[in-house]
Amino acid sequence: MHEPGIALRKRFLIFALLLLHASAQGAQPEGRFISGVFPACQDSGPEKTIPQDSPPFHDILPEGSFSPGSKDSPPFHCILPEGSFSPAVPAEISSADSGMLPGSSREKFRIVFYNVENLFDTINEPGKNDDAFTPGGDRRWTEYRLRHKINNIYRAIAAASGLEIPAMIGLCEVENLYVLERLARETGLKNHDYGIIHRNSADSRGIDVALLYRPGIFRVLDTMFRSIPFPFDSLPATRDILYVKGIVADADTLHVFVNHWMSRWRGQAVSEPYRNYTAAFLKSLTDSIFGVCRRSNIVVMGDFNDEPQDASLRDHLVAATSSIDPLPGMLYNLSYGKAPVPGTLKYQGQWFLFDQFIVSGSLLDGRGRLKTSRDSFRIFHAGFLLVPDERWFGYKPFRSYEGFRYTGGFSDHLPVVLDLWW
């Protein structure tokens with residue numbers, strides 16, 4: 001039985017730790033928001049800009065030029081494509097999806113999120129625990145297997161998207177810019193000139209979050225990465241939270257957060273405080289945006305390693321599982337109760353809904369230029385992404401490995417899709 005008093009004390013402790021950590025950083029924040037106008041707020045008074053004294057972000061600007069395929073790129077990568085946009089459609093895409101809302105002339109802004117599970121290159125990186133994913137390592141990770149994995153990821157994204165080419169693709173468990181460039185430049189995605197936003201994080205395995213986007217539809221205004229050192233543990237910082245702010249087709253401003261929270265490999269009870277702290281930290285970032293404009297459009301995506309009803313998302317991020325009568329300045333989890341698909345990951349016979357989309361109330365209330373709905377979220381579970389679960393019965397995601405046996409599949413997660421429109 002959930003006890004409100006205990007939950008309240010837990011939230012107070014988390015926020016107290018956040019304040020202590022912020023104080024330890026000194027008076028000057030690590031980074032800043034770059035000032036920008038919120039079109040959604042222009043009807044409620046004077047134009048508002050993001051204050052320069054917002055809570056700390058790690059603001060790293062790109063340096064120099066980036067050579068496709070280079071493994072010596074700087075730690076931050078924001079690659080702007082060149083040339084025109086090709087309308088070519090990959091062969092795997094379903095012909096049933098039109099790219100327009102049924103019975104409407106409004107256009108879609110489709111977002112796909114996919115935990116691609118261990119997208120490593122074949123080269124050992126000193127200081128990172130990636131030795132298994134080398135030709136001589138335990139996984140016998142070769143160029144052939146890497147190329148097959150990249151093509152499979154493309155197939156999954158293309159099929160999940162239908163005829164509507166995704167405007168934005170959030171990814172996690174990618175090692176570096178090299179594998180991202182191969183995905184964006186050597187598959188059917190190359191026809192759509194995706195930009196890439198990525199930074200090498202402090203994760204011990206070297207796996208990161210990243211965002212691919214189409215500059216013709218989404219104009220990036222600001223990009224920031226935020227590492228999360230936990231003040232209650234000496235554990236090195238884990239994977240970043242990626243924040244991107246941009247303009248959707250000149251319709252409105254959109255704020256996007258890409259996440260991959262700490263896994264449960266050490267056990268649920270041991271790892272839960274880390275996810276609770278990360279959730280509270282993320283809430284401080286979304287609250288700083290709502291503090292400027294309560295009608296800000298926010299999309300939070302990721303593999304949270306918790307389900308919508310777990311404490312991290314429910315009590316610390318405060319993402320409501322019911323989107324009835326949505327309010328500006330609040331977050332709503334669109335992933336809850338999405339039958340008939342029970343989850344995005346299966347472990348020991350049980351499905352878990354770890355991969356989710358969470359949005360601000362202003363995207364749901366129908367008053368803004370950008371809109372979405374609860375029914376606009378879906379888990380893509382095509383048959384080619386699943387295999388029979390011979391031990392626990394039913395089906396499970398088709399992975400690249402079963403233990404150490406190579407099977408040539410896709411990922412241990414299923415992709416999730418969200419549509420916005422204007």
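Odds and ends about this structure:
- Strands (runs of 3 or more DSSP E) lying entirely in segment 320-363 (those with 2 or more residues that are among the hydrophobic types (A, V, I, L, M, F, W, C)): 350-352, 355-360
- Restricting segment 85-126 to residues that are at pLDDT 50 or above and farther than 21 Å from L180 by Cα leaves a set whose member that is surrounded by the most Cβ atoms within 10 Å (Cβ to Cβ) is F109.
- The one condition in (1) of a type outside the set (G, A, S); (2) over 18 Å from Y194 (Cα atoms); (3) in contact with a His (Cβ under 7 Å, 6 or more places away or on another chain); (4) surrounded by fewer than 23 Cβ atoms within 10 Å (Cβ to Cβ) that R239 fails to fulfil: (4)
- Flag for L345 being in contact with a strand residue (DSSP E or B) (Cβ under 6 Å, 6 or more places away or on another chain) and either closer than 21 Å to G246 by Cα or aromatic (F, W, Y) (or both): no
- Residue match in segment 312-330 (condition: under 23 Å from F109 (Cβ atoms) and among the polar types (S, T, N, Q)): yes
- Output for segment 320-344, where each listed residue is crowded, with 24+ Cβ neighbours inside 10 Å and farther than 16 Å from S376 by Cβ: T344
- Scanning segment 127-172 for residues that are out of contact with any strand residue (DSSP E or B) (no Cβ under 7 Å at 6 or more places or on another chain), hydrophobic (A, V, I, L, M, F, W, C) and either crowded, with 19+ Cβ neighbours inside 10 Å or within 16 Å of Y406 (Cβ to Cβ) (or both) turns up A132, W141, L146, I150, A158, I165.
- Checked against (1) among the basic types (K, R); (2) under 19 Å from the mean Cα position of the chain (by Cα); (3) farther than 25 Å from D412 by Cβ, R295 meets all criteria but (2).
- With respect to the stated conditions, L282 is part of a helix (DSSP H, G or I) and not charged (D, E, K, R).
- Going through (1) at pLDDT 95 or above; (2) under 24 Å from D121 (Cα atoms) one by one, S296 falls short only on (2).
- Enumerated strands (runs of 3 or more DSSP E) restricted to segment 371-422, each holding at least 1 residues that are touching a residue at least 40 places away in the same chain (Cβ under 8 Å): 377-379, 395-397, 416-421
- Of all the residues in segment 201-210, those that are touching a Gly at 6+ places or on another chain (Cβ under 9 Å) and crowded, with 23+ Cβ neighbours inside 10 Å number 2.
- Positions within segment 399-418 being among the hydrophobic types (A, V, I, L, M, F, W, C) and surrounded by fewer than 21 Cβ atoms within 10 Å (Cβ to Cβ), in sequence order: F404
Rundown of residues vs (1) in a helix (DSSP H, G or I); (2) at positive phi; (3) surrounded by fewer than 21 Cβ atoms within 10 Å (Cβ to Cβ); (4) without any contact (Cβ under 8 Å) to a residue 12 or more places away in the chain, yes/no style:
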position	(1), (2), (3), (4)
L212	no, no, no, no
V220	no, no, yes, no
F257	no, no, no, no
V270	yes, no, yes, yes
M301	no, no, no, no
D306	no, no, no, no
L313	yes, no, no, no
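- Residues being touching a His at 6+ places or on another chain (Cβ under 8 Å) and of a type in the set (G, A, S) are entirely absent from segment 372-391.
- Test: residue in segment 165-174 that is more than 20 Å from R378 (Cβ to Cβ) and at pLDDT 95 or above: yes
- Flag for R374 being of a type outside the set (V, I, T), within 30 Å of S284 (Cα to Cα) and modelled with pLDDT under 95: yes
- P415 satisfies every condition listed in (1) touching a helix residue (DSSP H, G or I) at 6+ places or on another chain (Cβ under 8 Å); (2) at pLDDT below 95 except (2).
The values are calculated or read from the model by the stated rules, or taken from the named source; none is laboratory data. Treat the numbers as computed from the prediction; the structure is a model and nothing was measured. Counting neighbours? That spans all protein chains shown, and the Cβs are built from the backbone with ideal geometry, glycine included.
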